[in-house]
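Below is one structure, written out as structure tokens; the observations come after it.
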Amino acid sequence: MEKTYDIQAIMNFLPHRYPFILVDRILELIHGEKITALKPVVPGDQLVFEVQILKFRSKVVKAAGKALVEGQVVAEAELMASLG
């Protein structure tokens, strides 16, 4: 069974606060591999983020992500992050 996380649960484990939290709900979380999350864009629209881990070395992560609205890709990027 998949577990979803609402905004309160997300705020418990992310260091960011409003308005910098970029998700309102996590739909799918595979630790170390993938996350699918929702963020409303405008009333009635929802932005769905799909992010996949490409590389994870030491404390550096490289990921590829897409943002979708109604199933259409509206943005995509490759990201690098340092975990501290």
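The values are calculated or read from the model by the stated rules, or taken from the named source; none is laboratory data. Only a predicted model underlies this, so the values are computations on that prediction, with no experimental measurement involved. Heads up, the Cβs are rebuilt from the backbone with ideal geometry, glycines too, and the neighbour counts pull from every protein chain shown. When the accessible area is computed, the model is the full protein with side chains, heavy atoms only, and any ligands, DNA or RNA have been set aside. Shrake-Rupley method; radii C 1.70, N 1.55, O 1.52, S 1.80 Å.
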Can you tell me which residues in segment 19-28 are open to solvent by 60 Å² or more (accessible area, probe 1.4 Å) and touching a residue at least 24 places away in the same chain (Cβ under 8 Å)? LEU22
List pairs: first in segment 36-61 and in contact (Cβ under 8 Å) with a residue 24 or more places away in the chain, second open to solvent by 80 Å² or more (accessible area, probe 1.4 Å) and small (Gly, Ala, Ser), Cβ under 6 Å, 6+ apart or cross-chain? LYS59/SER82
Being among the β-branched types (Val, Ile, Thr), in a strand (DSSP E or B) and within 23 Å of PRO19 (Cα to Cα) is the filter here; which residues of segment 33-72 pass it? ILE35, THR36, VAL48, VAL51, VAL69
Qualifying positions in segment 62-84 - in contact (Cβ under 8 Å) with a residue 12 or more places away in the chain and either over 25 Å from ASP6 (Cβ atoms) or among the acidic types (Asp, Glu) (or both): LYS62, ALA64, GLU70, GLU76, ALA77, GLU78, MET80, SER82, GLY84
Sort out which residues of segment 42-75 are modelled with pLDDT of 90 or more, open to solvent by 60 Å² or more (accessible area, probe 1.4 Å), of a type outside the set (A, V, I, L, M) and touching a Lys or Arg at 6+ places or on another chain (Cβ under 9 Å), and write them in order of number. GLU50, GLN52, LYS55, PHE56, LYS62
Restricting attention to segment 5-18, and to residues there that are open to solvent by 80 Å² or more (accessible area, probe 1.4 Å) and in a loop (DSSP other than H, G, I, E, B), which single residue is farthest from GLY84 (Cα to Cα)? ASP6
